[in-house]
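Please read the structure below before turning to the comments.
The values are calculated or read from the model by the stated rules, or taken from the named source; none is laboratory data. Treat the numbers as computed from the prediction; the structure is a model and nothing was measured. Note: ideal-geometry Cβ built from the backbone for every residue, glycine included; neighbour counts use all protein chains shown. The protein model used for the area step is the full one, side chains on, heavy atoms only, and it has no ligands, DNA or RNA in it. Shrake-Rupley method; radii C 1.70, N 1.55, O 1.52, S 1.80 Å.
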Amino acid sequence: MEHPREMAPDDDTIAEFLMHSYKVIPCNKRFRHDWSTCPFAHNGEMAARRDPTKTMPIFCWHSKQ
């Protein structure tokens, strides 16, 4: 049996991370690093995203017609 760290993540795990964590959770690193390669959100970063679990979509009224 493989060690858990050696097991490759499945597609569902990757999709879950990208949907709910990538550029949503604030970075806790306290040293200078390249924010463009860091998977966490940084203050003032243009690539930061809203948390999809806390925001509701705004539907276009044209689609209701």
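A count restricted to segment 16-45 and to residues that are in contact with a strand residue (DSSP E or B) (Cβ under 9 Å, 6 or more places away or on another chain) and open to solvent by less than 50 Å² (accessible area, probe 1.4 Å) stands at 5.
Do we have any residue at all in segment 46-55 that's hydrophobic (A, V, I, L, M, F, W, C), modelled with pLDDT of 75 or more and surrounded by 10 or more Cβ atoms within 10 Å (Cβ to Cβ)? Within segment 46-55, one or more residues are hydrophobic (A, V, I, L, M, F, W, C), modelled with pLDDT of 75 or more and surrounded by 10 or more Cβ atoms within 10 Å (Cβ to Cβ).
Among the numbered conditions (1) on the phi < 0 side of the Ramachandran plot; (2) in contact (Cβ under 8 Å) with a residue 12 or more places away in the chain; (3) surrounded by 10 or more Cβ atoms within 10 Å (Cβ to Cβ), the only one that residue 13 does not meet is (2).
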